[in-house]
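The values are calculated or read from the model by the stated rules, or taken from the named source; none is laboratory data. These numbers were taken from a predicted model, which means no experiment stands behind them. Here Cβ is always computed from backbone atoms with ideal geometry, including for glycine, and neighbour counts include all displayed protein chains. To get the accessible areas, we keep the full protein, side chains included, count just its heavy atoms, and leave off ligands, DNA and RNA. Shrake-Rupley method; radii C 1.70, N 1.55, O 1.52, S 1.80 Å.
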Amino acid sequence: MSDLEYSQSIIEPATTQESYTLKEILTQPAAWQAALQVAADKQTTLRNLWDAGQFSDILVTGCGSTHYLSQAVAPLLQQQLGTRARAVPGSELLLFPETVTPATNNSLLLTISRSGRTTETIQAAEHYKARHNAPVVNIGCYGETELVAQSDLAFVIQEGQEESVVQTRSFSAMLVAAQAAVASLVGEEQFQSMKQLPAIGEQLISTYHSLAQQLGRDASIERFYFLGSGLQYGLASEANLKMKEMSLSVSEAFHFMEFRHGPMSMVNEHTLVVGLLSEAARPYELAVLREMRKLGGRTLVLADQPVAEDVADYQVCFNSGLPEARRGVLYLPVLQLLGYYRARQNGLNPDQPHNLTAVVVLEDQQGA
Ligand code: F1P
(Lines give C-alpha, C1' and ligand atoms only; values in the text may rest on other atoms or scores of the structure.)
Protein backbone atom coordinates (compact mmCIF):
# COMPACT_ATOMS: atom_id res chain seq x y z
CA MET A 1 0.00 0.00 0.00
CA SER A 2 1.58 3.38 -0.98
CA ASP A 3 2.00 6.15 1.58
CA LEU A 4 -0.81 8.09 -0.11
CA GLU A 5 -3.24 5.12 -0.08
CA TYR A 6 -2.22 4.36 3.52
CA SER A 7 -2.77 7.84 4.89
CA GLN A 8 -6.01 8.22 2.92
CA SER A 9 -7.18 5.03 4.58
CA ILE A 10 -7.01 6.47 8.09
CA ILE A 11 -7.33 10.24 8.09
CA GLU A 12 -10.33 12.34 7.33
CA PRO A 13 -10.14 15.84 5.85
CA ALA A 14 -7.55 17.44 5.20
CA THR A 15 -5.94 14.62 3.24
CA THR A 16 -2.28 14.30 2.31
CA GLN A 17 -3.13 15.60 -1.15
CA GLU A 18 -3.37 18.99 0.51
CA SER A 19 -0.57 18.56 3.00
CA TYR A 20 3.00 17.98 1.86
CA THR A 21 4.15 18.29 5.48
CA LEU A 22 2.16 15.14 6.38
CA LYS A 23 3.39 13.35 3.26
CA GLU A 24 7.00 14.24 4.12
CA ILE A 25 6.59 13.00 7.71
CA LEU A 26 5.12 9.70 6.45
CA THR A 27 7.84 9.14 3.83
CA GLN A 28 10.88 9.88 6.00
CA PRO A 29 12.12 6.25 6.37
CA ALA A 30 13.09 6.36 2.66
CA ALA A 31 15.20 9.45 3.38
CA TRP A 32 16.83 7.57 6.29
CA GLN A 33 17.81 4.84 3.83
CA ALA A 34 19.41 7.43 1.57
CA ALA A 35 21.24 9.01 4.54
CA LEU A 36 22.76 5.63 5.43
CA GLN A 37 23.98 5.28 1.85
CA VAL A 38 25.55 8.77 1.89
CA ALA A 39 27.38 7.89 5.14
CA ALA A 40 28.61 4.64 3.56
CA ASP A 41 29.86 6.52 0.49
CA LYS A 42 31.76 9.06 2.64
CA GLN A 43 33.11 6.56 5.17
CA THR A 44 36.71 6.39 3.87
CA THR A 45 37.06 10.14 3.31
CA LEU A 46 35.71 10.80 6.80
CA ARG A 47 38.10 8.25 8.31
CA ASN A 48 41.09 9.88 6.59
CA LEU A 49 40.04 13.39 7.68
CA TRP A 50 39.45 12.19 11.24
CA ASP A 51 42.74 10.27 11.57
CA ALA A 52 44.76 13.11 10.00
CA GLY A 53 43.13 15.73 12.23
CA GLN A 54 43.71 14.24 15.69
CA PHE A 55 41.22 16.91 16.83
CA SER A 56 41.04 18.07 20.46
CA ASP A 57 37.72 19.87 19.99
CA ILE A 58 34.64 19.67 17.76
CA LEU A 59 32.23 22.57 17.36
CA VAL A 60 28.78 21.83 15.92
CA THR A 61 26.66 24.70 14.62
CA GLY A 62 23.31 25.41 12.94
CA CYS A 63 20.17 27.56 13.42
CA GLY A 64 16.63 26.78 14.51
CA SER A 65 15.96 23.09 13.93
CA THR A 66 19.55 22.50 12.93
CA HIS A 67 20.77 24.12 16.15
CA TYR A 68 18.70 21.53 18.04
CA LEU A 69 20.15 18.86 15.73
CA SER A 70 23.60 20.14 16.72
CA GLN A 71 22.56 19.75 20.39
CA ALA A 72 21.75 16.09 19.66
CA VAL A 73 24.99 15.47 17.71
CA ALA A 74 27.60 17.19 19.93
CA PRO A 75 27.06 14.97 23.04
CA LEU A 76 27.03 11.94 20.73
CA LEU A 77 30.43 12.90 19.25
CA GLN A 78 31.91 13.38 22.75
CA GLN A 79 30.36 10.15 24.10
CA GLN A 80 31.28 7.95 21.14
CA LEU A 81 34.63 9.45 20.05
CA GLY A 82 35.93 10.78 23.39
CA THR A 83 36.65 14.20 21.85
CA ARG A 84 35.35 17.37 23.52
CA ALA A 85 32.35 18.54 21.46
CA ARG A 86 30.01 21.48 21.81
CA ALA A 87 26.88 22.76 20.05
CA VAL A 88 26.47 26.51 19.51
CA PRO A 89 23.89 28.47 17.47
CA GLY A 90 25.32 30.02 14.30
CA SER A 91 24.64 33.52 15.62
CA GLU A 92 26.63 32.92 18.84
CA LEU A 93 29.61 31.54 16.90
CA LEU A 94 29.41 34.51 14.51
CA LEU A 95 28.79 37.34 17.00
CA PHE A 96 30.52 36.06 20.21
CA PRO A 97 33.35 33.85 18.91
CA GLU A 98 35.63 34.42 21.89
CA THR A 99 32.93 33.06 24.20
CA VAL A 100 32.51 29.76 22.34
CA THR A 101 35.56 28.84 20.30
CA PRO A 102 38.13 26.56 21.86
CA ALA A 103 41.58 28.10 22.57
CA THR A 104 43.31 25.30 20.73
CA ASN A 105 43.85 25.47 16.99
CA ASN A 106 43.23 21.78 16.58
CA SER A 107 39.49 21.80 16.22
CA LEU A 108 36.94 20.54 13.69
CA LEU A 109 33.82 22.53 12.73
CA LEU A 110 30.63 20.65 11.80
CA THR A 111 28.00 22.83 10.10
CA ILE A 112 24.43 21.51 9.80
CA SER A 113 21.83 23.20 7.60
CA ARG A 114 18.91 21.81 5.60
CA SER A 115 19.15 24.60 2.98
CA GLY A 116 22.87 25.38 3.11
CA ARG A 117 21.82 29.03 2.67
CA THR A 118 21.27 30.32 6.23
CA THR A 119 23.31 33.53 6.56
CA GLU A 120 24.31 33.11 10.23
CA THR A 121 25.72 29.60 9.65
CA ILE A 122 27.54 30.60 6.45
CA GLN A 123 29.18 33.68 8.01
CA ALA A 124 30.00 31.86 11.26
CA ALA A 125 31.79 29.13 9.29
CA GLU A 126 33.59 31.70 7.12
CA HIS A 127 34.94 33.60 10.14
CA TYR A 128 35.81 30.40 11.99
CA LYS A 129 37.72 28.98 9.05
CA ALA A 130 39.62 32.28 8.63
CA ARG A 131 40.51 32.45 12.33
CA HIS A 132 41.31 28.80 12.97
CA ASN A 133 42.15 27.40 9.54
CA ALA A 134 40.16 24.40 10.81
CA PRO A 135 38.63 21.75 8.53
CA VAL A 136 34.86 21.96 8.10
CA VAL A 137 32.45 19.06 7.64
CA ASN A 138 28.90 19.88 6.48
CA ILE A 139 25.60 17.99 6.68
CA GLY A 140 22.68 19.20 4.54
CA CYS A 141 20.09 18.36 1.89
CA TYR A 142 21.15 20.54 -1.04
CA GLY A 143 24.43 20.16 -2.99
CA GLU A 144 25.06 23.45 -4.76
CA THR A 145 25.28 25.70 -1.68
CA GLU A 146 27.80 28.03 0.03
CA LEU A 147 28.06 25.76 3.07
CA VAL A 148 28.96 22.77 0.88
CA ALA A 149 31.47 24.91 -1.04
CA GLN A 150 33.08 26.01 2.27
CA SER A 151 33.43 22.46 3.57
CA ASP A 152 36.23 19.91 3.24
CA LEU A 153 33.67 17.10 3.33
CA ALA A 154 29.90 17.30 2.80
CA PHE A 155 27.14 14.78 3.55
CA VAL A 156 24.29 15.81 1.20
CA ILE A 157 21.03 13.86 1.60
CA GLN A 158 18.95 14.96 -1.37
CA GLU A 159 16.08 12.64 -0.32
CA GLY A 160 15.74 14.84 2.75
CA GLN A 161 14.68 17.80 0.62
CA GLU A 162 11.13 18.97 1.37
CA GLU A 163 8.49 21.54 0.37
CA SER A 164 7.51 22.09 3.98
CA VAL A 165 8.80 25.20 5.77
CA VAL A 166 9.20 23.25 8.97
CA GLN A 167 11.90 20.58 9.02
CA THR A 168 10.66 16.99 9.44
CA ARG A 169 12.07 14.47 6.93
CA SER A 170 15.16 16.67 6.42
CA PHE A 171 15.89 16.83 10.17
CA SER A 172 15.60 13.09 10.66
CA ALA A 173 17.64 12.26 7.54
CA MET A 174 20.45 14.62 8.66
CA LEU A 175 20.36 13.04 12.15
CA VAL A 176 20.68 9.55 10.65
CA ALA A 177 23.62 10.73 8.51
CA ALA A 178 25.34 12.22 11.59
CA GLN A 179 24.75 9.13 13.78
CA ALA A 180 25.88 6.82 10.94
CA ALA A 181 29.03 8.89 10.33
CA VAL A 182 29.93 8.62 14.02
CA ALA A 183 29.11 4.89 14.01
CA SER A 184 31.39 4.42 10.98
CA LEU A 185 34.27 5.91 13.00
CA VAL A 186 33.46 3.71 16.01
CA GLY A 187 33.23 0.39 14.14
CA GLU A 188 31.76 -1.48 11.17
CA GLU A 189 29.39 -3.52 13.34
CA GLN A 190 27.90 -0.38 14.88
CA PHE A 191 27.54 1.13 11.40
CA GLN A 192 25.86 -1.98 9.95
CA SER A 193 23.40 -2.15 12.88
CA MET A 194 21.78 1.10 11.73
CA LYS A 195 20.60 -0.50 8.48
CA GLN A 196 17.46 -1.77 10.28
CA LEU A 197 16.25 1.77 11.06
CA PRO A 198 14.13 2.41 7.90
CA ALA A 199 12.04 -0.75 8.43
CA ILE A 200 11.59 0.04 12.14
CA GLY A 201 10.55 3.58 11.13
CA GLU A 202 7.88 2.28 8.74
CA GLN A 203 6.49 0.03 11.49
CA LEU A 204 6.56 2.84 14.07
CA ILE A 205 4.62 5.23 11.82
CA SER A 206 1.97 2.65 10.94
CA THR A 207 1.58 1.55 14.58
CA TYR A 208 1.38 4.97 16.27
CA HIS A 209 -0.03 7.31 13.59
CA SER A 210 -3.51 7.07 15.10
CA LEU A 211 -2.22 7.72 18.65
CA ALA A 212 -0.57 10.96 17.47
CA GLN A 213 -3.85 11.88 15.73
CA GLN A 214 -5.87 11.15 18.89
CA LEU A 215 -3.58 13.22 21.17
CA GLY A 216 -3.26 16.03 18.62
CA ARG A 217 -7.04 16.32 18.50
CA ASP A 218 -7.57 16.07 22.27
CA ALA A 219 -8.78 19.58 23.08
CA SER A 220 -8.50 18.90 26.83
CA ILE A 221 -4.70 19.10 26.39
CA GLU A 222 -3.73 22.79 26.44
CA ARG A 223 0.04 22.70 27.03
CA PHE A 224 2.95 20.42 26.16
CA TYR A 225 6.27 19.81 27.94
CA PHE A 226 8.94 17.75 26.15
CA LEU A 227 11.53 16.20 28.48
CA GLY A 228 14.84 14.78 27.22
CA SER A 229 18.30 14.44 28.76
CA GLY A 230 21.76 13.47 27.48
CA LEU A 231 21.49 12.55 23.80
CA GLN A 232 17.72 13.25 23.86
CA TYR A 233 17.77 16.93 24.96
CA GLY A 234 18.29 18.24 21.41
CA LEU A 235 15.49 15.95 20.17
CA ALA A 236 13.09 17.16 22.89
CA SER A 237 13.95 20.74 21.88
CA GLU A 238 13.20 19.94 18.23
CA ALA A 239 9.86 18.28 19.13
CA ASN A 240 9.01 21.43 21.07
CA LEU A 241 9.91 23.60 18.06
CA LYS A 242 7.68 21.49 15.78
CA MET A 243 4.74 21.93 18.18
CA LYS A 244 5.31 25.72 18.26
CA GLU A 245 6.05 26.19 14.54
CA MET A 246 3.06 24.14 13.32
CA SER A 247 0.38 24.61 16.01
CA LEU A 248 1.34 27.82 17.92
CA SER A 249 0.72 25.88 21.18
CA VAL A 250 2.05 26.58 24.70
CA SER A 251 5.01 24.23 24.63
CA GLU A 252 8.52 24.01 26.13
CA ALA A 253 11.43 21.57 26.38
CA PHE A 254 13.49 20.75 29.46
CA HIS A 255 16.05 18.26 30.73
CA PHE A 256 14.12 15.68 32.76
CA MET A 257 15.51 16.50 36.22
CA GLU A 258 15.41 20.26 35.54
CA PHE A 259 11.60 20.07 35.17
CA ARG A 260 11.20 19.70 38.95
CA HIS A 261 13.25 22.85 39.59
CA GLY A 262 10.39 25.25 38.84
CA PRO A 263 8.70 24.45 35.48
CA MET A 264 6.56 21.70 37.06
CA SER A 265 4.58 24.54 38.65
CA MET A 266 2.81 24.71 35.26
CA VAL A 267 1.53 21.09 35.42
CA ASN A 268 -2.24 20.59 35.69
CA GLU A 269 -4.98 18.33 34.26
CA HIS A 270 -4.64 20.08 30.85
CA THR A 271 -0.93 19.21 30.54
CA LEU A 272 0.75 16.52 28.42
CA VAL A 273 4.28 15.74 29.62
CA VAL A 274 6.18 13.93 26.85
CA GLY A 275 9.20 11.90 28.00
CA LEU A 276 11.98 10.90 25.56
CA LEU A 277 13.38 8.16 27.77
CA SER A 278 17.09 7.35 27.90
CA GLU A 279 18.76 4.08 29.00
CA ALA A 280 21.43 5.71 31.17
CA ALA A 281 19.04 7.66 33.44
CA ARG A 282 15.85 5.62 33.01
CA PRO A 283 14.98 5.20 36.76
CA TYR A 284 15.42 8.93 37.41
CA GLU A 285 13.33 9.85 34.38
CA LEU A 286 10.56 7.40 35.28
CA ALA A 287 10.38 8.97 38.75
CA VAL A 288 9.84 12.43 37.24
CA LEU A 289 7.02 11.13 35.04
CA ARG A 290 5.31 9.37 37.96
CA GLU A 291 5.40 12.63 39.94
CA MET A 292 3.88 14.63 37.07
CA ARG A 293 0.98 12.17 36.92
CA LYS A 294 0.45 12.66 40.69
CA LEU A 295 0.25 16.43 39.97
CA GLY A 296 -2.63 15.75 37.56
CA GLY A 297 -0.67 15.82 34.30
CA ARG A 298 -0.88 13.10 31.62
CA THR A 299 2.25 11.47 30.23
CA LEU A 300 3.31 10.20 26.80
CA VAL A 301 6.49 8.10 27.02
CA LEU A 302 8.76 7.22 24.09
CA ALA A 303 11.26 4.43 24.81
CA ASP A 304 12.82 1.34 23.31
CA GLN A 305 11.18 -0.97 25.84
CA PRO A 306 7.75 -0.70 27.54
CA VAL A 307 7.39 1.20 30.84
CA ALA A 308 5.13 0.40 33.79
CA GLU A 309 1.44 1.45 33.72
CA ASP A 310 1.89 3.91 36.59
CA VAL A 311 4.38 5.93 34.52
CA ALA A 312 2.60 6.40 31.21
CA ASP A 313 -0.93 7.32 30.11
CA TYR A 314 0.30 6.70 26.56
CA GLN A 315 3.49 5.04 25.33
CA VAL A 316 5.44 4.51 22.10
CA CYS A 317 7.86 1.55 22.07
CA PHE A 318 10.51 1.21 19.38
CA ASN A 319 11.59 -2.39 20.22
CA SER A 320 14.71 -1.72 18.13
CA GLY A 321 17.29 -3.20 20.47
CA LEU A 322 19.57 -0.41 19.25
CA PRO A 323 21.55 1.74 21.71
CA GLU A 324 20.64 5.42 22.09
CA ALA A 325 23.67 6.46 20.01
CA ARG A 326 22.11 4.86 16.94
CA ARG A 327 18.33 5.12 17.43
CA GLY A 328 17.76 8.87 18.06
CA VAL A 329 15.68 9.22 14.89
CA LEU A 330 13.00 6.86 16.27
CA TYR A 331 11.80 9.53 18.73
CA LEU A 332 10.84 11.91 15.89
CA PRO A 333 8.00 10.68 13.59
CA VAL A 334 5.29 10.37 16.27
CA LEU A 335 6.17 13.76 17.78
CA GLN A 336 6.18 15.39 14.33
CA LEU A 337 2.71 13.88 13.72
CA LEU A 338 1.55 15.16 17.16
CA GLY A 339 2.51 18.71 16.11
CA TYR A 340 0.83 18.23 12.73
CA TYR A 341 -2.52 17.07 14.17
CA ARG A 342 -2.47 19.72 16.91
CA ALA A 343 -2.07 22.30 14.14
CA ARG A 344 -5.09 20.84 12.37
CA GLN A 345 -7.00 20.80 15.68
CA ASN A 346 -6.17 24.51 16.07
CA GLY A 347 -7.53 25.20 12.58
CA LEU A 348 -4.06 25.94 11.22
CA ASN A 349 -2.38 24.75 8.01
CA PRO A 350 1.00 23.16 8.89
CA ASP A 351 2.16 23.78 5.31
CA GLN A 352 1.99 27.55 5.94
CA PRO A 353 3.37 28.13 9.45
CA HIS A 354 2.76 31.60 10.94
CA ASN A 355 5.52 34.19 10.29
CA LEU A 356 8.02 31.57 9.00
CA THR A 357 10.10 31.14 5.85
CA ALA A 358 12.03 28.01 4.92
CA VAL A 359 15.36 29.85 5.00
CA VAL A 360 16.47 32.93 6.98
CA VAL A 361 18.70 35.02 4.67
CA LEU A 362 19.86 38.24 6.36
CA GLU A 363 20.71 41.53 4.64
CA ASP A 364 23.96 43.16 5.78
CA GLN A 365 23.28 44.08 9.46
CA GLN A 366 26.54 45.91 10.04
CA GLY A 367 24.89 49.26 9.33
CA ALA A 368 21.77 48.55 11.42
C1 F1P B 1 17.22 26.65 9.69
C2 F1P B 1 15.82 27.26 9.99
C3 F1P B 1 14.76 26.22 10.19
C4 F1P B 1 13.40 26.86 10.56
C5 F1P B 1 12.99 27.77 9.47
C6 F1P B 1 14.12 28.72 9.14
O7 F1P B 1 17.37 26.40 8.36
O8 F1P B 1 15.95 27.99 11.13
O9 F1P B 1 15.13 25.44 11.27
O10 F1P B 1 12.42 25.83 10.66
O11 F1P B 1 12.71 26.99 8.36
O12 F1P B 1 15.36 28.07 8.94
P13 F1P B 1 18.62 25.55 7.78
O14 F1P B 1 19.88 26.36 8.01
O15 F1P B 1 18.69 24.27 8.50
O16 F1P B 1 18.29 25.46 6.34
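Tabulated data
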{"quantity": "Hits in segment 205-257 (condition: among the β-branched types (Val, Ile, Thr) and under 28 Å from Leu76 (Cβ atoms))", "calculated": "Ile205, Thr207"}
{"quantity": "In segment 97-126, residue farthest from the ligand (Cβ to nearest atom) [restricted to those that are at pLDDT below 95 and not polar (S, T, N, Q)]", "calculated": "Ala103"}
{"quantity": "Residue list for segment 256-276, filter: open to solvent by 60 Å² or more (accessible area, probe 1.4 Å) and either among the charged types (D, E, K, R) or within 15 Å of Tyr331 (Cβ to Cβ) (or both)", "calculated": "Glu258, Arg260, Glu269"}
{"quantity": "Matching entry among Leu197, Leu211, Leu204 (being assigned to a helix (DSSP H, G or I) and more than 28 Å from Val38 (Cα to Cα))", "calculated": "Leu211"}
{"quantity": "Number of the exception - Ala212 against (1) free of Cβ contacts under 8 Å to residues at least 60 places away in the same chain; (2) small (Gly, Ala, Ser); (3) out of contact with any Ser or Thr (no Cβ under 9 Å at 6 or more places or on another chain)", "calculated": "(1)"}
{"quantity": "Per-region count, segment 214-255, residues among the aliphatic types (A, V, I, L, M) and open to solvent by 10 Å² or more (accessible area, probe 1.4 Å)", "calculated": "6"}
{"quantity": "Residue list for segment 317-345, filter: open to solvent by less than 10 Å² (accessible area, probe 1.4 Å) and among the hydroxyl-bearing types (Ser, Thr, Tyr)", "calculated": "Tyr331, Tyr340, Tyr341"}
{"quantity": "Enumerated helices (runs of 4 or more DSSP H) restricted to segment 35-141, each holding at least 2 residues that are of a type outside the set (Asp, Glu) and open to solvent by 50 Å² or more (accessible area, probe 1.4 Å)", "calculated": "65-81, 119-132"}
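Yes/no matrix, rows are residues, columns are (1) closer than 28 Å to Ser19 by Cα; (2) under 13 Å from the mean Cα position of the chain (by Cα):
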position: Val166; (1), (2): yes, yes
position: Gln192; (1), (2): no, no
position: Thr207; (1), (2): yes, no
position: Arg223; (1), (2): yes, no
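Residues checked against (1) modelled with pLDDT of 95 or more; (2) over 27 Å from Arg327 (Cβ atoms):
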{"position": "Ala134", "(1), (2)": "no, yes"}
{"position": "Gly143", "(1), (2)": "yes, yes"}
{"position": "Val156", "(1), (2)": "yes, no"}
{"position": "Ser170", "(1), (2)": "yes, no"}
